[in-house]
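Working notes, structure below.
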Amino acid sequence: MIAPSILSADFARLAEEADAVAGADWLHVDVMDAHFVPNLTLGLPVVQSLLQATDIPLDCHLMIDDPGRWAPPYAEAGAHNVTFHAEATDDPIAVARDIRAAGAKAGLSIKPNTPIEPYLEILKSFDTLLVMSVEPGFGGQSFIPAVLDKARAVRKLVDSGDLRLLVEIDGGINVDTIEQAAEAGIDCFVAGSAVYGAADPAAAVRGLREQAAKASPHLTLAI
Ligand code: DX5
Ligand code: ZN
């Protein structure tokens, strides 16, 4: 699955930018609050408008403090998947429960330097795991290959049937990095600059998907 990130799109033309990636599996929406990360992007009103403007399921990536308070409204609004950061809350299970109760899939994200081991036990409360392969906050950064060890560890649990979870990666994904991520067991690839920086974004999505599918040793769960 390919999820183009609108962080690299033209924010004044979001409806057209969603149309430009017709055929994408999810549309990745980076919500930043200038507290959890040093950047500020968009929030719930823009997501509500985007939901009216596209049929592509929205994958909301909340890089914000206090997700217990702010995450469930994205689910209520109609986002397909709502992901928040493990580093931003003391009670990730409660936040996941509230997101699911509001009708969306729940995702947990971890920054490049956050280990996965402390969270393995709670992943059964989630539908997706978003492994960050750059420091969250900005598009266009270089892929950090060391994070793939975390994807491999979780892939093993999914393949052995111990966990039902979609493994997603975000940051620095492009034609040079997507194959190693696919080999490590990623199901869903977020790509910002590699898609919206291309002359034909929809063709870039198809190209990345084909490249990932060829390199992928596993089947992706549909969630
Ligand atoms: C970064 C965001 C990413 C960003 C990825 O904090 O979470 O989704 O848009 O951009 P690229 O693909 O350019 O690294
Ligand atoms: Zn993101």
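The values are calculated or read from the model by the stated rules, or taken from the named source; none is laboratory data. It should be emphasised that the depicted structure is a prediction, and the values quoted were computed from it without experimental measurement. As a convention, Cβ positions derive from the backbone with ideal geometry for all residues, glycine included, and neighbour counts pool all protein chains shown.
Just to check your reading of the model, which residue among Val190, Val167 is part of a strand (DSSP E or B), within 29 Å of Leu14 (Cβ to Cβ) and in contact (Cβ under 8 Å) with a residue 60 or more places away in the chain? I'd like the intermediate steps shown before the answer.
Working: Val167 fails: in contact (Cβ under 8 Å) with a residue 60 or more places away in the chain.
Step by step, each of Val190, Val167 is checked, and only Val190 is part of a strand (DSSP E or B), within 29 Å of Leu14 (Cβ to Cβ) and in contact (Cβ under 8 Å) with a residue 60 or more places away in the chain.
Looking at the range 76-93, I want the residues that are without any contact (Cβ under 8 Å) to a residue 24 or more places away in the chain and have a partner that is buried (at least 19 other Cβ atoms within 10 Å of the Cβ) with Cβ atoms under 7 Å, at least 6 apart or on another chain. Which pairs are those?
Thr89/Pro67; Thr89/Val95
Among the strands (runs of 3 or more DSSP E) contained in the range 6-91, which hold 2 or more residues that are among the polar types (S, T, N, Q) and modelled with pLDDT of 95 or more?
On the way: elements: 27-32, 58-63, 81-85.
Hits in the range 6-91: 81-85.
Only residues that are more than 10 Å from ligand 1 (Cβ to nearest atom), among the acidic types (Asp, Glu) and closer than 20 Å to Pro136 by Cβ: list them for the range 1-47, please.
Applying the first criterion (more than 10 Å from ligand 1 (Cβ to nearest atom)) to the range 1-47 yields 1-2, 10-27, 33-36, 38, 40, 42-47.
Filter once more, keeping what is among the acidic types (Asp, Glu): 10, 16-17, 19, 25, 33.
Listed by number, the list holds a single entry, Asp33.
From the list Arg206, Arg152, which one is part of a helix (DSSP H, G or I) and touching a residue at least 60 places away in the same chain (Cβ under 8 Å)? Step through it out loud before you land on a result.
Details: Arg152 fails: touching a residue at least 60 places away in the same chain (Cβ under 8 Å).
Sole residue among the options that is part of a helix (DSSP H, G or I) and touching a residue at least 60 places away in the same chain (Cβ under 8 Å): Arg206.
I'm told Ser193 meets every condition in (1) surrounded by fewer than 19 Cβ atoms within 10 Å (Cβ to Cβ); (2) away from ligand 2 (no atom under 16 Å from the Cβ) except one. Can you identify the failing condition by its number?
Of the numbered conditions (1) surrounded by fewer than 19 Cβ atoms within 10 Å (Cβ to Cβ); (2) away from ligand 2 (no atom under 16 Å from the Cβ), the odd one out for Ser193 is (2).
Sort out which residues of the range 123-149 are outside any loop (DSSP other than H, G, I, E, B), away from ligand 2 (no atom under 14 Å from the Cβ) and surrounded by 14 or more Cβ atoms within 10 Å (Cβ to Cβ), and write them in order of number. Write out each step before concluding.
Here is the first cut: in the range 123-149, the ones outside any loop (DSSP other than H, G, I, E, B) are 123-125, 128-132, 145-149.
If we keep only those that are away from ligand 2 (no atom under 14 Å from the Cβ) as well, we get 123-125, 145-146, 148-149.
Of everything in the range 123-149, those that are outside any loop (DSSP other than H, G, I, E, B), away from ligand 2 (no atom under 14 Å from the Cβ) and surrounded by 14 or more Cβ atoms within 10 Å (Cβ to Cβ) turn out to be Leu123, Ser125, Leu148.
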